[in-house]
Amino acid sequence: MGNAREAVIIGAGVGGLAAANALYRTGWRVTVLERADALRPIGAGIAMPPNAMHALDAVDADGMTLGARVRAVGVSSGAIGARRPDGRWIFRPSGDPVGRRFGYPVYSLVRTELLAVFAGQLPGDAIRLDTTAQVADPGAADQRARVETTDGRVFEADLVVAADGGRSAVRRTLFPDHPGPADGGYVIWWMLAPSLGEEEEVLASESMGKGTVWGTWALNDGRVYAYATVLKELLATGNGQADDPLSQLRAHFAGWYPQVQRILDAVDPASVYRDDARWMQTPLPAYHLGRVALLGDAAHPMTPDLGQGGSQSIEDAVVLAKLLAEADGDVSALASYTAARLPRTMDIVKRSKRMSAFHHASTPAGIFLRNQALRLSSSERTVGLFLRSFDPVFGWKP
Ligand SMILES: Cc1cc2nc3c(=O)[nH]c(=O)nc-3n(C[C@H](O)[C@H](O)[C@H](O)COP(=O)(O)OP(=O)(O)OC[C@H]3O[C@@H](n4cnc5c(N)ncnc54)[C@H](O)[C@@H]3O)c2cc1C
């Protein structure tokens, strides 16, 4: 690959590492600059839906697809149940309706393992940790882009991928007039709990109360991935920042069903994280400028109500590499990248926000209607119809 074009990727999260793989496998030399001193992803666990799997199947990974390598460390969650705060099932998951309709079920994964799979398929020297980077010059058709690091290193590149997450500094540099992501209206906690013991059945489910959601997923090593969300207007103490994240969770989920309490009892307080939900209310004018492509949360942060943020970053990565390959590496393909990805991702951003209102119903009428809708959509007869509404999201293929 002596004459390979060079891509510099800023950020080694799901999107950055997916892009590094997709570009590397289509002939690019890749350097990934990551400010953290280890691959320490946000989110603890992650659910990967069928559209992400189909995207990853388009990336070669030494004799198998990247998708196959990811599935090997995932747990298939055939259906995702819904429960009430007292634990009663609105519908209990059974069978694999998602897999039947979309070719793959939703997989749950430990985030660090997902990133390890991605990193393991790159050349040994591709990822530079402890490296905070910024675009110094986005470049142009006849001029390479320039990236500078805070410790004074300079990288010239034929392509820069800005995958520096929801608080992207590159986005602010390239589009200084854009207002940035809007507040999603709720707070998110996430955690990994140790195994609850063999006798405890852990089924993928979301439990919904008044303006609150609790999610539980089984992982491949017996641990449990859980997350919780609460509307900001319902936060007990001010905006809740004063207490540590675990105490806040205990306060909000006191009285919920026993498995929730067992997870809260088992979890290491240091492994509970909290953040505000954010979403890209105002679309960017483009997902590229000069030789820089924005990707993942840097371009289109979304509330996690559809579990699509990471998956959209994977779609971005695969489409970017494909369009560049079709243009023989010519960065004029970046305009096609914006044309392909901006409408799709903004549609998913809006769908996620709408789903957030449904999930976080907080009036008696809203809660009744939400629970009825969930119950009615889950029977053997209606589940197909319900899943059809996910066709535009889960049914995507590269
Ligand atoms: C609780 C929760 C649950 C979620 N669940 C799901 C789910 O089930 N499925 C799903 O698909 N999505 C889910 N999401 C969304 C998903 O986590 C994000 O969309 C995804 O992480 C975005 O990936 P990214 O690579 O764009 O950004 P990030 O994961 O944020 O990665 C950005 C990286 O860039 C690095 N960085 C930042 N600035 C710089 C800089 N200047 N120089 C160098 N490096 C830099 C950061 O350290 C980080 O490693 C969830 C999110 C949350 C919060």
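Show which lysines lie in cross-link reach of K232 when reach means a straight Cα distance below 26 angstrom and same-chain residues fewer than eight apart are skipped.
Cross-link targets: K210, K350, K353.
Using a/c under 1.5 as the rounded threshold, could you call the stretch 328-398 rounded, prolate or oblate? The axes a ≥ b ≥ c are square roots of the C-alpha gyration tensor eigenvalues, and prolate needs a/b larger than b/c, oblate otherwise.
It is oblate, given that a/c is not under 1.5 and a/b is not larger than b/c.
Give the long-range amide H neighbours of V292: residues separated by 5 or more places, or on another chain, with amide H under 5 Å away, using H modelled in the peptide plane at 1.01 Å from N.
V160
Starting from the 7 Å offset along Cα-to-Cβ, what nm value, one decimal, do you get for the label separation of D244 and D151?
3.2 nm
Can you tell me the length gained on complete extension of the stretch Q281 to S94, counting 0.36 nm per residue apart and subtracting the Cα distance?
Additional length available on full extension: 63.7 nm.
Taking a point 7 angstrom from the Cα of S76 along the C-beta vector, which residues in the stretch 105-134 have backbone N less than 13 Å away?
Only 105-108 fall inside the zone, counting backbone N under 13 Å.
With θ set to phi - 60°, apply the Karplus curve 6.51 cos²θ - 1.76 cosθ + 1.60 along the stretch 20-28 and write out the HN-Hα couplings as whole Hz, x wherever there is a Gly or Pro.
For the stretch 20-28, the Karplus-derived couplings read 4, 5, 5, 6, 4, 6, 10, x, 8 Hz, x marking Gly and Pro.
Mind giving me the FRET efficiency for R262 and A357? R0 is 45 Å, r the Cβ-Cβ distance, nearest 0.05 is fine.
0.90
Explain nothing, just compute: Karplus ³J(HN,Hα) = 6.51 cos²θ - 1.76 cosθ + 1.60, θ = phi - 60°, for every residue of the stretch 174-188 in order, whole Hz, x for Gly and Pro.
So the Karplus estimates, Gly and Pro as x, are 7, 10, x, 8, 6, x, x, x, 9, 5, x, x, 9, 10, 10 Hz.
Using label points projected 7 Å from each Cα along Cα→Cβ, tell me how many nm separate A4 and E380, to one decimal.
According to this spin-label approximation, the distance is 5.2 nm.
Check the straight Cα-Cα distances from K322 and name the lysines below 24 Å, setting aside those fewer than 8 residues away within the same chain.
In chain and number order, the partners are K397.
Tally up the carbon and sulfur contribution to the accessible surface of the chain as a whole percent, 1.4 Å probe, everything protein left in place.
Its accessible area is 52 percent carbon and sulfur atoms.
Using a probe radius of 1.4 Å on heavy atoms only, what accessible surface per residue do you get for the stretch 108-243? Whole Å² is fine.
43 Å²
Using the Cα centre as the reference, give the magnitude of the dipole from point charges on the C-beta atoms of the chain (Lys, Arg: +1; Asp, Glu: -1; all else neutral), rounded to the nearest 20 debye.
So the dipole magnitude of the chain works out to roughly 1240 debye.
Each label point is 7 Å from the Cα along the Cα-to-Cβ direction; what then is the distance between the points at E200 and A251, in nm?
2.4 nm
Within the stretch 286-312, what residues put their amide N at less than 19 Å from the label point 7 Å along the Cα-to-Cβ vector of Q143?
288-293
Within the stretch 336-370, which residues have the backbone N less than 15 Å from the label spot 7 Å out from S389 along Cα→beta-carbon, could you tell me?
Within reach of a label on S389: 351-361, 366-370.
What size of dipole, in debye to the nearest 20, comes out for the stretch 1-154 about its Cα centre when the only charges are +1 on Lys and Arg C-beta atoms and -1 on Asp and Glu C-beta atoms?
Result for the stretch 1-154 is approximately 720 debye, rounded to the nearest 20.
Quick one: if the Förster radius is 22 Å, what FRET efficiency do A335 and T132 give, using the C-beta to C-beta distance and rounding to 0.05?
For R0 = 22 Å, the calculated efficiency reads 0.15.
The values are calculated or read from the model by the stated rules, or taken from the named source; none is laboratory data. Because the structure is a prediction, the values reported are computed rather than measured. So basically every Cβ, Gly included, is an ideal-geometry build from the backbone, and we count neighbours across all protein chains shown. For the accessible areas, the whole protein counts, side chains as well, though only heavy atoms, and no ligand, DNA or RNA atoms are used. Shrake-Rupley method; radii C 1.70, N 1.55, O 1.52, S 1.80 Å.
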